[in-house]
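Structure, as structure tokens:
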Ligand SMILES: O=C(O)CCC(=O)C(=O)O
Ligand SMILES: [Fe+2]
């Protein structure tokens with residue numbers, strides 16, 4: 001029997017958030033799990049089929065073993081990375097009221113600015129010691145060229161943009177879009193690499209990534225001295241609610257990854273890399289052979305930390321079921337799901353105080369749909 005969630009002293013169990021609820025894992029007495037995160041060189045991601053297959057095999061090994069991997073020699077230049085971190089620092093240094101103009105509570109799609117302590121992934125803490133800004137896929141914003149990418153017109157029920165931007169800082173939108181339009185193509189190349197990893201045609205997943213759900217989430221974590229409260233976290237333990245996540249880290253080490261033994265392994269920043277991880281959709285898609293590994297952020301240094309995750313999830317209307325090749329003995333561990341349906345069932349319970357959650361309080365969960373975020 002695991003101790004209660006509020007038992008702060010237990011070292012035998014690790015608690016974490018896995019979507020909309022808290023759960024726990026026992027710490028193993030005989031450690032056998034991974035103790036570091038592998039790095040994959042993707043310089044040949046546009047190379048020959050053979051070279052791409054070699055990258056795929058390495059990524060598959062890393063995903064099976066730990067659900068996390070770094071990529072190096074991706075084609076996004078260091079100057080662009082430095083530039084986007086400069087942008088993050090400038091944005092988070094703005095007066096609170098400028099940032100609050102784009103408060104997440106004002107946006108039906110649950111995007112925008114989140115001040116310190118607004119979320120609380122670990123129920124034993126006062127809240128996550130970080131501020132964040134979320135933007136993502138949008139049918140209407142011209143920077144995303146929905147019609148050009150899909151040959152379609154935006155659905156008629158989408159009447160306003162899914163993102164919200166601070167009126168006084170137009171450079172924020174401009175700068176974030178520059179990076180967004182560089183990282184999305186990289187993420188899409190990794191989708192093809194992952195198809196190859198399963199010995200499928202490399203275009204096998206293209207039809208579930210026509211106009212994928214994305215989330216880009218600049219984060220700022222101030223120092224959280226451990227003396228203040230042992231449970232103090234920048235971001236409580238969680239498994240990502242995405243298919244694949246690509247994180248840019250600035251220079252401060254704070255990301256920790258939970259291994260199979262319940263031990264926390266550091267994932268320090270490495271210049272010129274992204275740290276990538278498997279999310280819960282890919283875990284389902286691979287029938288659990290790629291784990292959506294639990295991780296958290298604790299900034300124990302005296303410096304400000306900035307990071308920039310990019311979450312990639314298939315199209316809202318796509319359906320996902322475990323790949324045949326991942327079913328050992330034919331056993332299917334996850335049901336087929338609709339991407340958008342699962343998304344809304346995870347995001348609303350995690351944001352109970354958000355106006356969108358309140359608006360649909362009386363609607364039974366079976367009737368929830370992704371469209372609720374869009375109008
Ligand atoms: O800040 C980081 O390094 C990781 C952030 C993260 O895990 C998340 O936003 O899901
Ligand atoms: Fe995460």
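Computed from the coordinates by the stated procedures, all read-outs in this text should not be read as laboratory data. If you're wondering where the values come from, they're calculated on a predicted model, not measured in any experiment. Virtual Cβ from ideal backbone geometry, glycine too; neighbours counted across all protein chains shown.
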Per-peptide average of other Cβ atoms within 10 Å, ordering 100-107, 60-67 highest first: 60-67, 100-107
Contour excess over end-to-end distance, with Cα ends at residue 319 and residue 98 and 0.36 nm allotted per residue: 75.6 nm
Per-pair calculated FRET efficiency, R0 = 56 Å: residue 359 and residue 206 via Cβ, rounded to 0.05: 0.95
Where labels lie 7 Å past Cα in the beta-carbon direction, separation of residue 335 and residue 44 in nm: 4.4 nm
FRET efficiency, residue 251 to residue 171 (Cβ-Cβ, R0 30 Å, nearest 0.05): 0.85
Shape metrics for the chain, restricted to C-alpha atoms - Rg then Dmax, Å: 20.0, 58
Percent RCO, i.e. relative contact order, over the chain, from Cα pairs under 8 Å lying at least 6 residues apart: 21 percent
For the range 224-375, radius of gyration divided by Kirkwood radius, i.e. Rg to Rh on alpha-carbons: 1.02
Cα-only Debye scattering, the range 48-94: base-10 log of I(q)/I(0) at q = 0.27 Å⁻¹: -0.94
Mean Cβ neighbour count within 10 Å, used as a protection proxy, ranking 110-121, 326-337, 177-188, 210-221 highest first: 210-221, 110-121, 177-188, 326-337
Full-stretch length increase - residue 75, residue 145 - with 0.36 nm per residue and alpha-carbon distance subtracted: 23.0 nm
Overall dimensions of the range 99-239 by Cα: Rg and Dmax, Å: 18.2, 56
The range 223-314: relative contact order in percent, alpha carbon pairs under 8 Å with at least 6 residues between: 45 percent
Approximate spin-label separation residue 117-residue 328, in nm, with each point projected 7 Å along Cα-to-Cβ: 4.6 nm
Per-selection metrics, the range 138-194 (Cα): Rg and Dmax in Å: 13.5, 41
Most to least packed among 265-271, 254-260, 128-134, 92-98 [average Cβ atoms within 10 Å]: 128-134, 254-260, 265-271, 92-98
Theoretical ellipticity at 222 nm over the chain - DSSP helices of four or more residues, -39500 (n - 2.57) apiece, nearest 500: -7500 deg cm²/dmol
